[in-house]
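As structure tokens, the structure follows; a few thoughts come after it.
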Amino acid sequence: MTAFSLEPAQLAWCAELRAVAAERLRPLADKGEPGRVNRALLAELGQLGLLGRLFTSGALGLCLMRESLAYACTEAETALALQGLGAHPVHAHGTETQRARWLPRVADGSAVAAFALSEPGAGSDAAALGLRAERDGSPGVASGGGPTRWRLTGEKCWISNAPEADFYTVFARTTPEAGARGVTAFLVPADRPGLTGAGLDMLSPHPIGALAFDAVPVTADDVLGEVDRGFRVAMGTLNLFRPSVGAFAVGMARAALDATLAHTARRDAFGGKLRDLQAVSHQVAEMALRTEAARLMVYAAATAYDEGAPDVPRRAAMAKLLATETAQYVVDTAVQLHGARALQRGHLLEHLYREVRAPRIYEGASEVQRGIIAKELYAAHQEAR
């Protein structure tokens, strides 16, 4: 298989996912409360076996799931993706005990996961984290009488699924002033003493919140990977999920494009149909062109990840950047061609217009992706000299 075509079985699976999203997931999403975790929707995703596929499908399979679900039900897509984002570090770096406790519950939808990286003063700069993990100075620990312990103190902000998640993958600074080399990843259950949170009223309809850590206790048993090597855990997770953010964007763009094709083909205007106006038909062609280019780049980046290619960070950044910027353009153009009806609350494009903005910011803003691309290009240029 190449990165530029899908097998018949994959195409059939994508079609099946779109149908399932429309028929079984859309009704559950409509019953959910904006800004809150929809546990009934998660349970259905688990029952369908889709959450379990987060850990077995590879990057391309993840992208196909996210694109297909996004086409018909963005809420289901996001619920699935957030489970994967929060739990992937446990799957990839967790101990057998950690994996056994949490991954089956993530897969059946009974435990809600969250990825707690962003902070009020750090944003997309993961190396500038300020959440402190300070060694616990109790006598037993100081004398070597037990596992290493820390207390987490600080804040996290703009965390999807917070404050309702059942556990968090938390990135904290274990070595001061060490930049990316002094960050450790911890698995922190939501019921740890000192951990509190509050929801944030955001443009996006999925749950987002802030977390406060007041000397939250963690031990070596809670570490994901190695102490002071958490930056690698974070970047490895983002290298997998950034192309799939692009797939989410492609799914929204394709939904907006199809809605526009249907609308312009039936809408009477100026003695004919909207599609008969060259200005309109050329805009539709541009929407299709950009969407297809983004889709191909997403598939190529996902395939590169699955094959262990050396240029995954650059490809992942390119895929996320192109696809999210493309989706913004396509949805905005679709709204323009639909006119005022697209601004009415409850219209598909009104919903997509609210959904499409955030992916250009989270998991590394577009400007961050451009920085990654340039850094990787210059590094490769230097090696080639």
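All of the numbers you see were taken from the coordinates with simple rules; none came from a lab. Not measured: the values here are computed from a predicted model. Because the Cβ atoms are built from the backbone with ideal geometry, glycine has one as well, and the counts that use them run over all protein chains shown.
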* Hey, which lysines would be in cross-link range of Lys375, C-alpha to C-alpha under 20 Å, not counting anything within fewer than 8 residues on its own chain? -> Lys320
* To do: Show me 45-58, 150-163 ranked by packing, highest mean number of other Cβ atoms within 10 Å first.
  => 150-163, 45-58
* Asked: How much mean residue ellipticity at 222 nm does the chain get from its helices, if each DSSP H run of length 4 or more adds -39500 (n - 2.57) and you divide by all residues, to the nearest 500 deg cm²/dmol?
  -> -17500 deg cm²/dmol
* Place +1 on the Cβ of every Lys and Arg and -1 on the Cβ of every Asp and Glu in the chain, take the dipole about the Cα centre, and give the residue among Ala262, Ala43, Pro8 whose Cα lies farthest towards its positive end. => Ala262
* To do: Go ahead and set up a Gaussian network model of the chain, Cα springs under 10 Å, then flag whichever of Gln83, Gln336, Gln328 fluctuates most.
  => Gln336
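Let's test the formula: R0 of 25 Å, r as the Cβ-Cβ distance of Lys31 and Leu203. What FRET efficiency results, to the nearest 0.05?
Details: r = 21 Å, r/R0 = 0.85.
Result of the calculation: an efficiency of 0.70.
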* **Stretchable slack from Gln336 to Ala19, in nm (0.36 nm times residue separation minus alpha-carbon distance)** => 111.3 nm
* When the chain is treated as a GNM, springs tying every alpha-carbon pair under 10 Å, which of His351, His282, His93 comes out with the largest mean-square fluctuation? -> His282
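Around Asp268, under 13 Å between beta carbons, what's the net of Lys plus Arg minus Asp minus Glu among the other residues?
Working: positive: Arg266, Arg267, Lys273, Arg275; negative: Asp276.
Local charge sum for Asp268: +3.
Net charge around Glu376, counting only other residues with Cβ within less than 10 Å of its Cβ (Lys, Arg = +1; Asp, Glu = -1)?
Working: positive: Arg314, Arg315, Lys375; negative: Asp311.
Charge balance in the 10 Å sphere: +2.
Based on the Kirkwood radius over alpha-carbon pairs, what value in µm²/s does the Stokes-Einstein equation return for the translational diffusion coefficient of the chain at 20 °C and 1.002 mPa s? Before the final figure, lay out each step's value.
Values: Rh = 21.7 Å.
My calculation gives 99 µm²/s for D.
Which helices count as membrane-span-like in the chain under these terms: full DSSP H, at least 20 Å along the axis by C-alpha, Kyte-Doolittle mean of 0.0 or more?
Working: long enough: 58-72 (22 Å, 0.94); 74-93 (29 Å, 0.03); 230-266 (54 Å, 0.59); 278-306 (42 Å, 0.20); 312-338 (38 Å, 0.21); 366-384 (27 Å, -0.39).
Span-like helices in the chain: 58-72, 74-93, 230-266, 278-306, 312-338.
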* Asked: Summing +1 for each Lys or Arg and -1 for each Asp or Glu, what net charge is found among the other residues whose Cβ lies under 10 Å from the Cβ of Leu117?
  -> -1
